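Single-structure report; data block below.
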Amino acid sequence: MTPLGPEGTGRETAAVRVAAVGDIHLGEDCHGLLRPAFETLPDCADLLLLAGDLTRHGYAAEAEVVAAEVADLGVPVVAVLGNHDHHADQPAEVARVLRDAGVRVLEGESTVLPVAGRGVGVAGVKGFCGGFVGRSAGEFGEPEMKAFVRTTRRSADLLARALAELAEHRCAVRIALTHFSPVPDTLAGEPLEIYPFLGSYLLAEAIDAQGADLAVHGHAHLGTEHGMTAGGVRVRNVAQPVIDHAFALYRLPLDGDPTAAADAGTASTPARYGSP
């Protein structure tokens, strides 16, 4: 559903339609669960983003189920892993299975997809925890605490580098894809006590420093869909328990007109449409 162009001219605004979901937590008993909804993607989306926690416990056999759900959909699929995908200490194997199915799995990397003759860039990293401004962990004290915070800092640095690569490619649209949240806004509904374990402000700093048109994450099952970084980048929590559908749809203009951006809604059987 494309709105009229500026000043009611009737000119259609070129846009990329982004489908996104995270925290699908598929196990070996989930064959075919999401495939019917995903097969509708060529009719409504230009790409699918998977925001981590794709498996229940991070086993290769579970990744095979995920791979079958998203293979040969007719739209490119880009993913990051989540903490569940690391639990069995097989993240490389999980990523390999997904890549064998054609999924672009990112960890501190970027990819550029052609849409309507323009480049749509996705920079991806799992991210990590640590908390948010005023209530965050510091790189001080015991080696364990320093290592904890350094993990987040390294992840944010990788995200910044990947976004910078997209700027060099002059992408019409840049999207930051993470599992952990870059902002507290999209955590509303979660217990305040666990906010530090759901994301880090360092991810938002990386996004604002390098620039992006949209940031997508998962992880916060009881959170809120809509948020924003301090620099004005829209953030969307697409954890499946939050969007309550097989995927959410977001529409981003390819002509640099931010007023044309909108959330296109979410879809499994029905789709709902909303404002940005």
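The values are calculated or read from the model by the stated rules, or taken from the named source; none is laboratory data. What you see is a predicted model, and the numbers here were worked out from it, not measured in a lab. Glycine gets a Cβ as well: all are built from the backbone with ideal geometry, and neighbour counts include every protein chain shown. With ligands, DNA and RNA removed, areas are computed over all heavy atoms of the protein, side chains included. Shrake-Rupley method; radii C 1.70, N 1.55, O 1.52, S 1.80 Å.
The table below gives the values:
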{"read-out": "Candidates Ala156, Ala209, Ala167, filtered to the one that is surrounded by 20 or more Cβ atoms within 10 Å (Cβ to Cβ) and touching a residue at least 40 places away in the same chain (Cβ under 8 Å)", "value": "Ala156"}
{"read-out": "Yes/no for His219 being at pLDDT 95 or above and surrounded by fewer than 21 Cβ atoms within 10 Å (Cβ to Cβ)", "value": "no"}
{"read-out": "Condition met for His179 (closer than 25 Å to Arg251 by Cβ and either of a type in the set (Lys, Arg) or open to solvent by 20 Å² or more (accessible area, probe 1.4 Å) (or both))", "value": "no"}
{"read-out": "Qualifying residue in segment 16-34 (condition: modelled with pLDDT of 95 or more, touching a strand residue (DSSP E or B) at 6+ places or on another chain (Cβ under 8 Å), open to solvent by 20 Å² or more (accessible area, probe 1.4 Å) and over 24 Å from Gly117 (Cα atoms))", "value": "yes"}
{"read-out": "Tabulated pairs, segment 183-197, first among the β-branched types (Val, Ile, Thr), second assigned to a helix (DSSP H, G or I) and surrounded by 12 or more Cβ atoms within 10 Å (Cβ to Cβ), C-beta under 7 angstrom, 6+ apart or interchain", "value": "Val183/Ala204"}
{"read-out": "Unmet criterion (only one of (1) in contact (Cβ under 8 Å) with a residue 60 or more places away in the chain; (2) touching a Ser or Thr at 6+ places or on another chain (Cβ under 7 Å); (3) hydroxyl-bearing (Ser, Thr, Tyr)) for Thr178", "value": "(2)"}
{"read-out": "Which listed residue is over 22 Å from Ile175 (Cβ atoms) and open to solvent by less than 20 Å² (accessible area, probe 1.4 Å), from Gly134, Gly130", "value": "Gly130"}
{"read-out": "Selection within segment 188-206 - hydroxyl-bearing (Ser, Thr, Tyr) and surrounded by fewer than 24 Cβ atoms within 10 Å (Cβ to Cβ)", "value": "Tyr195, Tyr201"}
{"read-out": "Every residue from segment 246-276 that is open to solvent by 30 Å² or more (accessible area, probe 1.4 Å) and either in contact with a helix residue (DSSP H, G or I) (Cβ under 8 Å, 6 or more places away or on another chain) or at pLDDT below 60 (or both)", "value": "Asp257, Pro258, Thr259, Ser268, Thr269, Pro270, Ala271, Arg272, Tyr273, Gly274, Ser275, Pro276"}
{"read-out": "Of the criteria (1) free of Cβ contacts under 8 Å to residues at least 40 places away in the same chain; (2) within 16 Å of Thr152 (Cα to Cα), which one Thr224 fails", "value": "(2)"}
{"read-out": "Considering residues of segment 140-194 that are in a helix (DSSP H, G or I) and among the polar types (S, T, N, Q) only, the residue nearest to Gly223 (Cα to Cα)", "value": "Thr186"}
{"read-out": "Residue within segment 157-173 that is among the basic types (Lys, Arg) and within 23 Å of Asp53 (Cα to Cα) present", "value": "no"}
{"read-out": "Qualifying residue in segment 232-240 (condition: more than 24 Å from Glu139 (Cβ to Cβ), open to solvent by 10 Å² or more (accessible area, probe 1.4 Å) and touching a helix residue (DSSP H, G or I) at 6+ places or on another chain (Cβ under 6 Å))", "value": "yes"}
{"read-out": "Per-region count, segment 16-41, residues touching a residue at least 40 places away in the same chain (Cβ under 8 Å), in contact with a helix residue (DSSP H, G or I) (Cβ under 9 Å, 6 or more places away or on another chain) and not in a loop (DSSP other than H, G, I, E, B)", "value": "7"}
{"read-out": "Residue satisfying all of: in segment 42-74; open to solvent by 20 Å² or more (accessible area, probe 1.4 Å) and touching a residue at least 40 places away in the same chain (Cβ under 8 Å); farthest from the chain's Cα centre (by Cα) among these", "value": "Cys44"}
